[in-house]
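The values are calculated or read from the model by the stated rules, or taken from the named source; none is laboratory data. Bear in mind that the values here come from a model prediction, so they are computed numbers and not experimental data. Every residue, glycine as well, gets a Cβ built from its backbone with ideal geometry; the counts of neighbours run over all protein chains shown. Heads up: the accessible areas ignore ligands, DNA and RNA and are worked out on the full protein's heavy atoms, side chains in. Shrake-Rupley method; radii C 1.70, N 1.55, O 1.52, S 1.80 Å.
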Amino acid sequence: MSRSYHIEKHYIERSGWLRAAVLGANDGIISVTSLVVGMAASGASTQTLLVTCVAGLISGAASMAAGEYISVKSQQDIEKNDLLMEARELERHPEHELNELKTIYINRGLDPQLADEVAKQLTAHNALESHVRDELGILEHTSAQPLMAAGSSALAFSVGSLFPLLAIWLLPEHILQKGIILVGVITLGLMGALASYVGGVNVWRGAARVMIWGIIAMLFSSWIGSFFNVNPM
């Protein structure tokens, strides 16, 4: 008799790459658009805005990749050290570690006899894996992956930065500043909605949240840039 298994795809399985990708894309849109809007408010030429946008894309993507790698690599180092520590404790004090596992299961609702039996069976099957999962809370699909986080952050930042770049290329000069802001707000809304959909949360709320903060950042940059107007009347 064949058995069928129902395998659920949980949203948390996407948390590693989703976090880095959403952060990178939103940062690419907000940072580069705000930078360009601030320069536009100062009266900079279209050519200057284009150069500023490209420079922001390159430096921002590199910065995102480096920062994300260092951050997630530090988390990975902590996880590895905890694994080594747990392996040593299992070798030196197996009974103590077994009782530790038993206590965890009792606290989760099992009666002492069943908790003892579960702890013994899981220890016999794979002691380290059981302690890593149930004592340390380190799971395979949520463990730190620095290279993936760095790559997805840099790529997402670059994609987000392309929108203000295209706006500068395609929009006429007399509406350039307002047009860049509009493109930035719309793309932020789309990215926020996409991230919310993939993450399984309310699409409209996610889009509105990102758009509001993006508008604040762009208006603030425009206000600061206006103090440095290179073409005073």
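Observations on the structure shown:
- Working from the Cα coordinates of segment 177-224, the gyration tensor eigenvalues give, after taking √(5λ), semi-axes of 23, 10, 6 Å in decreasing order.
- Each peptide among 189-196, 64-71, 90-97 gets the average number of other Cβ atoms lying within 10 Å of its residues, and from highest to lowest they stand as 189-196, 64-71, 90-97.
- Cα gyration tensor shape for segment 148-193, rounded if a/c is under 1.5, else prolate or oblate: oblate
- Over all Cα atoms in segment 68-109, the spread is summed up by Rg and Dmax: 14.2, 40 Å.
- Largest accessible area first, the listed residues Val132, Val183 line up as Val183, Val132 when surface is computed with a 1.4 Å probe on the assembled protein chains.
- Rg(Cα) / (2.2 N^0.38 Å) computed for segment 27-104, rounded to two decimals: 2.13
- Net charge of Cβ neighbours under 9 Å - reference Leu98; Lys, Arg +1; Asp, Glu -1: -2
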